[in-house]
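Rule-based calculations on the coordinates, nothing more; no lab input. Please read these numbers as outputs of a predicted model, since none were measured by experiment. Cβ: placed from backbone, ideal geometry, glycine included. Neighbour counts: every protein chain shown.
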Ligand code: PEP
Ligand code: MG
């Protein structure tokens with residue numbers, strides 16, 4: 001017969017710790033603890049198979065279930081010497097959910113099940129504590145009424161109906177805490193609760209204990225599909241078909257007086273990773289009191305002086321659990337009249353920062369192997385080592401004071417505080433005066449780059465995780481929140497309205513890039529220790545964080561197969577990236593250099609030029625500046641490959657935008673540019689008009705600019721190669737790689753390969769350097785057509801670099817700048833499993849990438865292939881790149897450690 005129910009008790013369980021899939025995390029933990037001889041109240045687990053069956057069969061149970069539950073229940077009764085529903089000495093149960101992966105607080109629980117008007121009297125007699133019996137009963141009626149019968153607040157703003165009654169009785173009797181209520185008060189509450197259930201739901205609270213039990217089991221299975229649980233699964237990639245188990249377990253009571261209590265703990269510190277037991281407890285309380293926050297629990301260490309024996313036992317058990325499970329455990333316990341019972345153990349959730357530190361410690365302690373240590377931490381979380389941090393006490397105070405005013409998407413981790421500025425020029429000017437500023441914009445564009453760099457952090461109302469603000473912020477290692485729709489920004493009034501709060505220019509604001517929370521006022525921050533060591537402000541020997549970080553990174557490098565490069569536009573970024581382990585530059589976006597200093601002036605002159613000669617004159621001014629930029633980067637990279645992409649964005653991005661600006665601001669900017677260039681505003685407007693495109697992302701950009709204005713690309717190629725020759729002449733090795741954007745056809749590639757070779761070979765010949773400069777010319781793969789004809793393109797291209805931002809945009813036909821309206825819903829409804837701009841869409845974009853790799857390698861066996869879209873720093877995408885055999889991934893400097901770890905994990909997973 002198929003087994004749906006697994007018993008545990010008296011030192012022996014039918015299941016064990018390996019059966020998480022079948023028994024859920026909690027059930028497997030209870031079984032394993034029972035088998036280890038740890039004190040666990042007896043009970044049984046109804047498997048996740050039942051949940052699957054339940055949903056596949058119109059919410060009906062397998063026919064054998066009743067019988068199997070009955071048998072296990074009888075076994076518990078035998079061990080406990082008490083009977084379920086016995087008015088003289090009743091046995092009570094807890095009924096809890098337990099999925100394969102823990103989903104804290106997302107599903108339902110019922111405690112004290114088996115109480116009714118008769119058994120409550122028996123419980124009072126058996127325990128000699130009438131108040132306790134009635135306290136348990138009122139809790140049960142409220143929980144059952146809520147969870148099983150569904151008596152909940154009707155509106156979001158309503159209070160819990162049972163809490164309203166509780167408060168009412170407390171008020172009438174003058175009780176401050178729940179513990180001040182007398183037996184009489186509790187009896188009254190039970191009556192009021194039942195009346196409320198009858199009045200509001202039209203049903204009677206069930207007195208029959210088996211009816212209670214099946215009601216609770218059904219409610220727990222039902223809660224697998226509640227909104228909270230669904231949302232949580234979405235967030236953590238937990239499949240909907242896993243289902244939950246239900247654990248029915250003998251109740252033990254922490255609310256039996258001063259020698260009883262209950263608590264939760266971790267075998268290590270889950271926030272910081274230190275190896276010490278942490279947690280909290282309450283005396284004379286039941287589990288939900290600790291979580292509900294009605295009473296403030298006490299730190300677990302204080303238990304030692306109150307109940308020393310139970311505490312000693314707890315310390316021994318938690319050590320045993322950690323060494324048995326070889327990972328940090330999160331446990332729950334109850335002490336009933338000085339006797340310790342363990343109610344749960346599971347692998348504890350931890351801050352990513354703590355995860356990495358713990359993994360390194362555990363390897364050192366010999367608890368886990370080096371490979372396990374590399375595999376354990378979430379690769380994404382390693383970025384936490386690099387982010388500036390908020391002082392946690394100050395943050396907690398801000399939460400208490402209600403200063404969190406909005407939430408967006410966490411685009412750049414860390415904490416930043418500054419005075420609000422609503423435009424990039426102000427941000428820069430204020431920062432130059434020594435102010436700390438936050439740049440708050442509806443969205444950002446390349447012209448904001450200097451303001452972004454000057455700001456402590458960036459906050460935008462619009463845009464997703466690959467919006468300009470997000471990718472530039474990550475590249476700069478800035479704290480950033482994007483897509484914070486609650487901000488109603490008014491540039492003109494220089495203020496934003498958030499709910500009922502008004503934030504004006506100059507006000508202090510803080511953003512937490514870990515949690516995407518926007519906080520009123522200033523919070524103190526500190527650079528991370530790792531960054532302090534890398535920038536020479538702190539000695540490596542004085543920073544345990546740095547040592548642990550480096551150890552983990554070195555292990556990762558031993559195992560990974562794919563190289564990690566970086567996207568960097570300046571020598572400073574390049575240097576930091578190398579310190580963080582970058583082995584090359586996979587993308588240097590030259591357009592950002594065009595905004596530096598007085599360059600924008602010459603860029604605009606070039607754009608306004610009517611003739612090739614005029615254009616060349618303007619370019620001649622830009623040439624030495626570009627050359628200097630490239631020389632700086634080559635020096636910083638010291639012989640590592642440097643991939644420079646020729647100009648990519650459409651030219652109108654360098655002129656004021658009619659769409660993005662208010663009419664008066666637009667006029668003003670046009671006037672300023674006209675004055676600067678000594679032409680009439682009408683001329684500027686005419687040029688803007690002429691450059692206007694309906695769909696600029698698919699318009700006159702990328703190598704199409706090089707086709708129509710070859711002199712721009714010629715200038716850039718010459719600047720790159722001359723810089724390389726100069727740096728080589730100074731004895732520093734160089735490896736320039738010239739990259740052509742938005743190539744769709746092999747004809748385009750041929751034009752630019754020829755152009756590059758013609759100019760580069762001439763420059764190199766002239767330079768007559770001792771060591772000849774070698775360069776590569778290749779292309780970005782950003783269009784589906786380029787993937788399909790990759791073999792033809794590879795005849796002329798020595799390398800490919802997947803520009804997956806554009807490749808995703810063009811493959812899915814979704815504009816990367818216009819995803820806000822629908823992509824959220826698409827992901828929620830699983831039309832796309834994930835945001836394809838964050839994680840490579842393997843089925844679509846990924847297949848095209850595979851095709852390009854295959855075709856490219858067929859035509860040119862040793863072609864170097866990498867990726868430089870934002871996906872290059874996203875662990876799941878890094879894994880995919882490893883699997884399809886790319887040579888490198890390239891990502892923003894502060895993502896380099898993430899990619900190193902993700903690449904090692906991909907290699908170890910095989
Ligand atoms: C890309 O398209 O993936 C890319 C790296 O280029 P950009 O983001 O600058 O368009
Ligand atoms: Mg691109």
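Order these peptides, 529-535, 893-899, 139-145, 455-461, by their mean beta-carbon neighbour count within 10 angstrom, highest first. Could the numbers behind the result be given before it?
Working: 529-535: 19.9, 893-899: 29.3, 139-145: 23.0, 455-461: 27.1.
Packing order, densest peptide first, comes out as 893-899, 455-461, 139-145, 529-535.
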Using alpha carbon centroids, what distance separates the range 841-903 and the range 300-348, in Å?
46
Restricted to the chain, the DSSP antiparallel beta bridge percent, nearest 5, is 65
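At a 10 angstrom cut-off on C-beta neighbours, averaged per residue, how do the peptides 340-349, 365-374 rank from highest to lowest? Show your work: numbers first, answer last.
Details: 340-349: 21.4, 365-374: 15.8.
Peptide ranking by packing, descending: 340-349, 365-374.
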Divide, for the range 542-596, the radius of gyration over alpha carbons by 2.2 N^0.38 Å, where N is the residue count.
1.41
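Per the Kirkwood treatment, what hydrodynamic radius in Å, one decimal, follows for the range 1-74 from the mean inverse distance over all distinct Cα pairs? Let's see the in-between values first.
Values: mean 1/r = 0.0801 Å⁻¹.
Result for the range 1-74 stands at 12.5 Å.
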Under the Kirkwood approximation for Rh and a Cα-based Rg, what ratio Rg/Rh is obtained for the range 392-465?
1.00
Starting from the Cα of residue 315, step 7 Å along the direction of its Cβ; do the same at residue 203; then give the gap between the two resulting points in nm.
4.9
Long-range alpha-carbon pairs in the range 723-776, meaning those over 13 Å apart, account in percent for 60
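Place the peptides 542-554, 126-138 in order of packing, highest mean first, counting for every residue the other Cβ atoms within 10 Å and averaging per peptide.
Values: 542-554: 18.3, 126-138: 20.5.
Descending packing order for the listed peptides: 126-138, 542-554.
For 511, 688, what ranking results if the residue with the fewest other Cβ atoms within 10 Å of its Cβ goes first? Numbers along the way, then the final one.
Working: 511 30, 688 18.
Placing the least packed residue first, the sequence is 688, 511.
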Which ordering of 689, 847, 14 is given by a fewest-first count of other beta-carbon atoms within 10 Å?
689, 847, 14
What number does the range 386-434 give for Rg over Rh if you use C-alpha atoms and the Kirkwood radius?
1.03
The range 760-910: radius of gyration over Cα atoms, expressed as a fraction of 2.2 N^0.38 Å:
1.17
State, to one decimal in nm, how far the label point of residue 407 lies from the label point of residue 492, with both points 7 Å from Cα in the Cβ direction.
3.3
In what order do 54, 6 fall by count of nearby beta-carbon atoms within 10 Å, going from fewest to most?
54, 6
Largest to smallest principal axis extent of the C-alpha atoms in the range 47-118, angstrom:
40, 30, 23
Set the Förster radius R0 to 51 Å, insert the Cβ-Cβ distance between residue 708 and residue 237 as r into 1/(1 + (r/R0)^6), and round the FRET efficiency to 0.05.
0.65
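Given a cut-off of 18 Å, what percent of all Cα-Cα pairs of the range 608-751 lie beyond it? Present the calculation step by step, with values, prior to reporting the outcome.
Values: 6623 of 10296 pairs.
Tail of P(r) above 18 Å: 64 percent of Cα pairs.
Kindly state, as a whole number, the per residue volume in cubic angstrom of the convex hull around the alpha carbon atoms of the range 194-243.
On the way: hull volume 4.6 nm³, N = 50.
In the range 194-243, the Cα convex hull volume per residue is 92 Å³.
Taking all pairs of different Cα atoms in the chain, averaging 1/r and flipping that mean, what Kirkwood radius in angstroms comes out? Spell out each step's value before the answer.
On the way: mean 1/r = 0.0323 Å⁻¹.
Hydrodynamic radius (Kirkwood, Cα only) of the chain equals 31.0 Å.
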Quotient of Cα Rg and 2.2 N^0.38 Å for the range 625-707, N being how many residues it contains:
1.44
Is it possible to state the helix-based mean residue ellipticity at 222 nm for the chain, with each DSSP H run of 4+ residues giving -39500 (n - 2.57), the sum divided by total residues, to the nearest 500 deg cm²/dmol? What is it?
-13500 deg cm²/dmol
For the range 160-282, taking Cα atoms only, what is the radius of gyration to one decimal and the Dmax to the nearest whole Å?
19.5, 53
